[in-house]
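Enquirer: What follows is a single structure, and I will ask about it in a moment.
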Amino acid sequence: MTASSLDWKRHPVVSELLALAPEMPLDAGRPVAAVEARLSALAAEDLFAPQPVSDPAMARCCLAGLWLRFNFLDQSHRISQGIPTPSGSYWHGMLHRREGDYWNSKYWMRRVGTHPVFQPLTLEARQLCETLGSDPHSEYLRRQTRWDPFKFVDLVASCVSGTCQSVSLVQQIQAREWELLFDYCYRHAYRR
């Protein structure tokens with residue numbers, strides 16, 4: 001596998017792990033114990049082998065993302081809080097959103113600023129709304145022209161509290177958010 005063809009969806013370490021991933025909940029969820037030992041044994045570099053990592057911070061972002069994907073919020077937090085970049089802050093904000101610490105999630109989203117995944121996420125959220133429908137809480141997603149991570153934190157909070165009926169829609173948007181951010185970090189971790 002050459003650096004130009006490196007794809008996380010085809011990398012054996014990443015793809016084998018993600019094949020075991022359940023649907024990602026909007027809240028903290030339960031850690032997936034069946035993968036804890038595998039995740040614990042991973043170094044960030046293992047996600048890219050045999051290619052060398054050119055950006056260690058982005059590689060650590062990928063590792064933080066995998067821990068988060070399997071609902072190990074503490075482990076993800078230990079990694080992401082030590083990555084002082086917009087992508088590190090994004091993972092940090094996502095995990096606080098999942099644990100229900102919405103104010104703290106917004107704090108970290110402010111530190112993200114404008115992230116390159118916002119544009120495709122805006123378009124995909126709109127398409128998912130068209131396909132799945134929306135309720136008054138999520139209707140703004142059809143009209144937005146720029147991703148608003150703060151409104152999305154509020155939308156997740158309303159789903160978790162039971163006031164929003166678009167839980168499936170919001171879960172799918174969150175899943176795409178995770179994939180877009182993971183893809184971005186993965187591609188930048190080995191870029192030459």
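The values are calculated or read from the model by the stated rules, or taken from the named source; none is laboratory data. Keep in mind it's a predicted model, so treat the numbers as computed, not measured. A quick note on method: Cβ atoms are made from the backbone with ideal geometry, for glycine too, and the neighbour counts reach across all protein chains shown.
Enquirer: Which residue pairs have Cβ atoms under 9 Å apart, sit 6 or more places apart or on different chains, and have a first residue in region 26-44 that is polar (S, T, N, Q) and a second that is modelled with pLDDT of 95 or more and not in a loop (DSSP other than H, G, I, E, B)?
Expert: Short answer, once both residue conditions are applied: Ser40/Gln75.
Enquirer: Would you be able to say whether some residue in region 74-84 is charged (D, E, K, R), under 23 Å from Tyr140 (Cβ atoms), modelled with pLDDT of 95 or more and out of contact with any Asp or Glu (no Cβ under 6 Å at 6 or more places or on another chain)?
Expert: The answer is no; no qualifying residue exists.
Enquirer: From Gly113, Gly100, which residue is more than 20 Å from Ala59 (Cα to Cα) and touching a Pro at 6+ places or on another chain (Cβ under 7 Å)?
Expert: Only one candidate qualifies: Gly113.
Enquirer: Need at least 1 residues that are touching a Gly at 6+ places or on another chain (Cβ under 8 Å) and crowded, with 16+ Cβ neighbours inside 10 Å per element, so show me which helices (runs of 4 or more DSSP H) inside region 17-112 make the cut, counting only ones lying wholly within it.
Expert: Result: 56-69, 73-80, 86-98, 102-112.
Enquirer: Looking only at region 150-177, which residues are closer than 18 Å to Trp108 by Cα and either free of Cβ contacts under 8 Å to residues at least 24 places away in the same chain or of a type outside the set (A, V, I, L, M) (or both)?
Expert: Phe150, Lys151, Phe152, Asp154, Leu155, Gln174, Glu177
Enquirer: Still on this model: Residue under question is His115, and the condition is that it be touching a Phe, Trp or Tyr at 6+ places or on another chain (Cβ under 7 Å), on the phi < 0 side of the Ramachandran plot and part of a helix (DSSP H, G or I); does it hold?
Expert: Here the answer is no, as His115 does not meet what is asked.
Enquirer: In this structure, is Asp154 part of a helix (DSSP H, G or I), under 23 Å from Leu39 (Cβ atoms) and of a type in the set (Asp, Glu)?
Expert: Considered against the rule, which asks whether it is part of a helix (DSSP H, G or I), under 23 Å from Leu39 (Cβ atoms) and of a type in the set (Asp, Glu), Asp154 comes out as no.
Enquirer: Right, another one. Return yes when Val117 is under 22 Å from Ala28 (Cβ atoms) and either modelled with pLDDT of 95 or more or not aliphatic (A, V, I, L, M) (or both) and no when it is not.
Expert: No: the conditions fail for Val117.
Enquirer: Let me ask something additional. Which of the residues belonging to region 155-192 are crowded, with 17+ Cβ neighbours inside 10 Å and hydroxyl-bearing (Ser, Thr, Tyr)?
Expert: Ser158, Ser166, Tyr184, Tyr186, Tyr190
Enquirer: What pairs can you find where one residue is in region 126-149 and touching a residue at least 40 places away in the same chain (Cβ under 8 Å) and under 23 Å from Arg110 (Cα atoms), the other is surrounded by 14 or more Cβ atoms within 10 Å (Cβ to Cβ) and β-branched (Val, Ile, Thr), and their Cβ atoms are less than 9 Å apart, with a gap of 6+ or different chains?
Expert: Within 9 Å, the pairs are Pro149/Val112.
Enquirer: Next up: Using beta carbons and a limit of 7 Å, which pairs, at least six apart or on different chains, have the first residue in region 178-189 and under 20 Å from Ala125 (Cβ atoms) and the second one of a type in the set (D, E, K, R) and in a helix (DSSP H, G or I)?
Expert: Within 7 Å, the pairs are Trp178/Arg69.
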